[in-house]
Amino acid sequence: MVQFGVGQSVVRKEDQRLLTGAGRYIDDINLPNQAHAVFVRSPHANARIGGIDTSAAAAAAGVIAVLTAADAEADGVPPIPCMAEIAVKEGTTQKMPPRPVLEGRQTRNAGVAVAMVVAETAAQARDAAELVEVDWEPQPAVTDMHDAMKPGAPALWPDDAPDNVAFVWVDGDRGATEAAFGRADRVVTLELVNNRLVANSMEPRGSIGQYDAADGTWTLYNTSQGAHLNKDMLMACLLRDVEPDKVRVLCPDVGGGFGMKAFLYPETVAVLWAAKRVGRPVKWVNDRSESFLSDCHSRDHITTVSAALDKDCKVIGLKAETLANMGGYLGNFGPYIPTVAGKGMHIGAYDIPAAYVEVTGVFTHTVSTDAYRGAGRPEAAYMIERLMDKVGRETGLGPIEIRRRNLVKAAQMPYSSVLGLTYDSGDFQRNLDDAVADSDWDGYDARRADSARRGKLRGRGLAYYIEVCGGAPNVPALLRFEADDSVTAIITTQSNGQGHETAYSQIIAERLGVPYEKVNIRQGDTAWMKTGSFTGGSRSVPVGGAAAQIAADEIIEKGKAIAADLLEAAPADIEFHEGRYAIAGTDRSTDIFAVSKAWRERHSGPDSLLSAYADFAPEAATFPNGCHIVEVEVDPDSGQVEIVRYTIVDDFGKVINPKLLTGQVHGGVGQGVGQALYEGTVYDADGQLVTGSFMDYGMPRADYSPMIKFRWNEIPCTTNPLGIKGCGEAGTIGAPPAVINAVFDAVADRGVDRIEMPATPLSVWQALQSARMRPAAGLCR
C-alpha cells in the first residue's frame, strides 16, 4: 500500500499554507499602477433612469474615470450572456433578455450597478461614488411570483416577456401520468416553498482586470470556480473578437464558492473594460453589503406536488408544478438550475412508473437566481421527501414502510427511471435499514417521553435522497515529472475549499507509487492548458481525478520502454507496481524516478520531461445517495428548534479520503440545516431586500450545528474509472427535508398542518399558536 494513498484519512496538505497566512486570495494581489473600482447601485427595485450626472464625482480627489451605460454602449461592451438555453414546453418560447454590464435605462432589482467609479484608491472611489447623482423615476415593483403573473402586474421586460414568464419547461409523460392518477386508489397532495438563499461565501467576490496595449493581451484575476469557464464566457461577450491566446484568466486561492462563484458577473466584465479604457489595471473587491445585492441568490420555488397511490400504497404516478423565481435578470445558468440540473431527480430513489413535472420561470424585481450547492437537486429532493413523509402519515404506514415499498431495489440495478436517468449502482434499502438501526429508531419513544417531561415537543424526520452529479462536461489533466523528481499535476477544476490538493495528490501518488508529498497540484491559470473545465456539480474528483488517473497510466506505459532498456529486457516483460518497474518473475527492478531521469537524458525540447495528458469525458453521471434521520426538540413556549440527534448512512462509491469525505458531508449538512432553520431572504412590497446583512439574515452558527453519526457503504459506481460518486452536495440535499420532516412531526400533535423553511422560532411559535389543539389525523410513528 502506498503511504497516504487512496482510501486513507490524510490530513489536508493545503491547510498548512492556508492556516499560516500563506494563501493568495484576490485581495492579496495588487498589480503595479493599479486603480480601484466602486459601483454605484440602484436603491430602487424598479425605476426608470432619467439621467446620470457624474460631474461632481469626476472632479473628486483621485478619480480617474466615472463610467456609465452610455460609455459602455459607445465602446461596444455587450451584455452578459445567459448560457442556459433549454428545451421548453411545446407552443412556448424561452425569453432571454439582455443583462447589461451597467444599467442605463431601467433597473429591475435593487442593487443593479448603474455607474462605475475608478480612482487611485478604493476609499477615494467610494467617496466619489456618493457624488454620482441619478435622476430616478421609481415605478411599482413585484417580488411575489403569483402576483407577477397576474394581469396588470408590472412587466419587467414588456417587449420580451409581458406576462413576466421567462420559460415553461416540462419533463415526463403527461398522458401516462394523468392515466395513473385516473386509476389511483388515493391521491396525496402537498404545497411547499423552497426558500430563497444568499450564498455568503467567506471570501467575497473580486476581480482585477488588466489590458496590455502593446501586445493586445487581456488578463483577468478572478475569484471563481473555473478559470477556463470564465475565459470561455468572456470569449462569448466582451472579448468575442480577440484571439484566445491573447486572453489569460487566473484564479488564485478561493475562499468558498458554493456555485455562486462559477459565473461571469457584470463587475468582472466591467473591470476588464475599464482597464483598457483608463490604461491601467483595475481592481474591485466586493464588500458584504454589496454581496447581498450583487451575488446571485438561489432556490426560491413554490411547488404543488401530488402522488397517486394504488391499494398497496405503491406510488404509481407523480405530478409537480413549480414556479421558479428568476429575479430581474437571467443569471449565466439561471434557467438551467430548476429544470435540467434537477432533471430526473423529482422521483428520487423511488420506482415510480409515471411522472410529469412542469416548471415555470418567472421574472420578479429581485436579485437573479442561479446555482447554489446542489443546484436543482436539493429542490427536487425536498419536494419528493416531504411528499413521501406526508404519504406515510396519511396512509398510516409511517416514514419507513412507505419508503420500503417504493424504493428502487438493488436487484433492479442498473435501473432506468421513467424520467430518463439510469442509476448504475446502489442499495437504497440497505442504506435505509442501516440508518434506522444506527439512529436507535426503536428507542425513540423513550426519548420522546423524556422530552415531554422536560416540557419539549420531540419529533423525528427521515429523508432518503439521491442526486445526479459527477458527469459531463470533460476535465483535462496534465501530469509531468520534473527534474527535481517532483510530480506536477495541472488539473482544470478549481478548489474553493474542498481539499483538491490532497485528494488529487492521493490519487496520483497511489497510481504512480510516488511519495504523496512529491505531488504538486496546480489549478487556476488558463496559460497552463489551452482548454479546461470548472468546479461544480460534485464533479472535480470523479471527473478530474479520473483524468489524473488516466494520465498516470499513460506515463506508466510510456516509461516501460525506458525501463526495459535500463533493465536490459523486452518491454513486454516489464511490470509496474507501487512505483517500480520490474522484469516479470525476477527481482530485477528500477524505480519510476530513475526512468524519469533516463527520459530526460534521451529527450530534448518540449518532450524533455516525462509527461502525459488526458481528457476524461464521462459517458454518464454518478448517483450518490443516502438516508438522513433527524430528531429535534421544540420549545412550545418560544418555538426554538434544537437538533438533538443526527444520523446519516451514505453511498459515495469508492472513498478517496474518509477525512475529506466526512468534512464535505458535515459542511453540507451545516448549509442544509441553515436553509431549514435559519436562512431566509425577505423582500418588502417595494422590492427592498429586508434581509440585506447579517443583522437580519439568519446565518447558521457553529453552536447550532448538530453532532452527526455518519458512516457509508461503499458501492462502487460503474461510470468512472475510480468507482467514486460525488459527495460535495449530498449533505445540503439530504438535510432540509429530514429536518423539516422532524420539526413537523414534533408539532403535528398540536394541530399544526404546515411548516415551511426556514422554521425559525417565530414561525414555529406562530404555527403552534394558530393551530387547533387536536391530534393530527392518521398520525404514524
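The values are calculated or read from the model by the stated rules, or taken from the named source; none is laboratory data. No experiment lies behind these values; they were computed from the predicted model shown. No Cβ is skipped: glycine too gets one built from the backbone with ideal geometry, and neighbour counts run over all protein chains shown. Ligands, DNA and RNA are stripped out before the accessible areas are found, and what is left, the full protein with its side chains, is counted by its heavy atoms. Shrake-Rupley method; radii C 1.70, N 1.55, O 1.52, S 1.80 Å.
Odds and ends about this structure:
- Long-range neighbours under 8 Å by Cβ, at least six apart or interchain, first residue in a loop (DSSP other than H, G, I, E, B) within the stretch 174-187, second open to solvent by 70 Å² or more (accessible area, probe 1.4 Å): 185/311
- Once the stretch 226-239 is narrowed to residues that are over 23 Å from residue 286 (Cα atoms) and assigned to a loop (DSSP other than H, G, I, E, B), the residue that is most open to solvent (accessible area, probe 1.4 Å) is 236.
- Long-range neighbours under 8 Å by Cβ, at least six apart or interchain, first residue at positive phi within the stretch 719-738, second in a loop (DSSP other than H, G, I, E, B): 723/654; 723/716; 723/717
- Matching entry among 71, 75, 28 (being within 30 Å of residue 499 (Cα to Cα) and either modelled with pLDDT of 95 or more or surrounded by fewer than 19 Cβ atoms within 10 Å (Cβ to Cβ) (or both)): 28
- With respect to being crowded, with 24+ Cβ neighbours inside 10 Å and either acidic (Asp, Glu) or under 24 Å from residue 665 (Cβ atoms) (or both), residue 477 falls outside the description.
- The listed residue being of a type outside the set (Ser, Thr, Tyr), open to solvent by 10 Å² or more (accessible area, probe 1.4 Å) and closer than 29 Å to residue 268 by Cβ, out of 373, 393: 373
- Within the stretch 240-256, the set of residues being surrounded by fewer than 19 Cβ atoms within 10 Å (Cβ to Cβ) and assigned to a strand (DSSP E or B) comprises just one member, 248.
- Only residues that are under 26 Å from the mean Cα position of the chain (by Cα), charged (D, E, K, R) and open to solvent by 10 Å² or more (accessible area, probe 1.4 Å) were counted in the stretch 204-225, giving 0.
- Criterion applied to 690, 632, 682 was being open to solvent by 40 Å² or more (accessible area, probe 1.4 Å) and under 30 Å from residue 749 (Cβ atoms), and the one residue passing it is 682.
- Complete set of residues in the stretch 582-604 that are open to solvent by 50 Å² or more (accessible area, probe 1.4 Å) and either among the β-branched types (Val, Ile, Thr) or in a helix (DSSP H, G or I) (or both): 586, 597, 600, 601, 602
- Residue within the stretch 536-559 that is in a helix (DSSP H, G or I), in contact with a helix residue (DSSP H, G or I) (Cβ under 8 Å, 6 or more places away or on another chain), touching a residue at least 24 places away in the same chain (Cβ under 8 Å) and farther than 29 Å from residue 502 by Cα present: no
- Residues in the stretch 2-19 include at least one that is open to solvent by 60 Å² or more (accessible area, probe 1.4 Å), within 30 Å of residue 577 (Cβ to Cβ), touching an Asp or Glu at 6+ places or on another chain (Cβ under 9 Å) and not basic (Lys, Arg).
- As for the stretch 614-629, it holds at least one residue that is of a type in the set (Phe, Trp, Tyr) and part of a loop (DSSP other than H, G, I, E, B).
- Strands (runs of 3 or more DSSP E) lying entirely in the stretch 270-372 (those with 1 or more residues that are under 25 Å from residue 179 (Cα atoms)): 301-309, 315-327, 355-363
- If the condition is being open to solvent by 40 Å² or more (accessible area, probe 1.4 Å), among the basic types (Lys, Arg) and more than 19 Å from residue 358 (Cα to Cα), then the stretch 164-203 contributes 183, 186.
- Residue 681 vs. criteria touching a strand residue (DSSP E or B) at 6+ places or on another chain (Cβ under 8 Å), touching a residue at least 60 places away in the same chain (Cβ under 8 Å), of a type in the set (S, T, N, Q) and farther than 29 Å from residue 545 by Cβ: yes
- Residue match in the stretch 679-693 (condition: closer than 30 Å to residue 508 by Cα, modelled with pLDDT of 95 or more and not aliphatic (A, V, I, L, M)): no
- Any hit, the stretch 83-98, residues being among the hydroxyl-bearing types (Ser, Thr, Tyr) and either touching a Lys or Arg at 6+ places or on another chain (Cβ under 7 Å) or farther than 25 Å from residue 256 by Cα (or both): yes
- Looking only at the stretch 145-158, and only at residues there that are in contact (Cβ under 8 Å) with a residue 40 or more places away in the chain and within 24 Å of residue 86 (Cα to Cα), the one that is most open to solvent (accessible area, probe 1.4 Å): 146
- In the stretch 699-715, the residues that are assigned to a loop (DSSP other than H, G, I, E, B) and surrounded by fewer than 15 Cβ atoms within 10 Å (Cβ to Cβ): 699, 701, 707, 714
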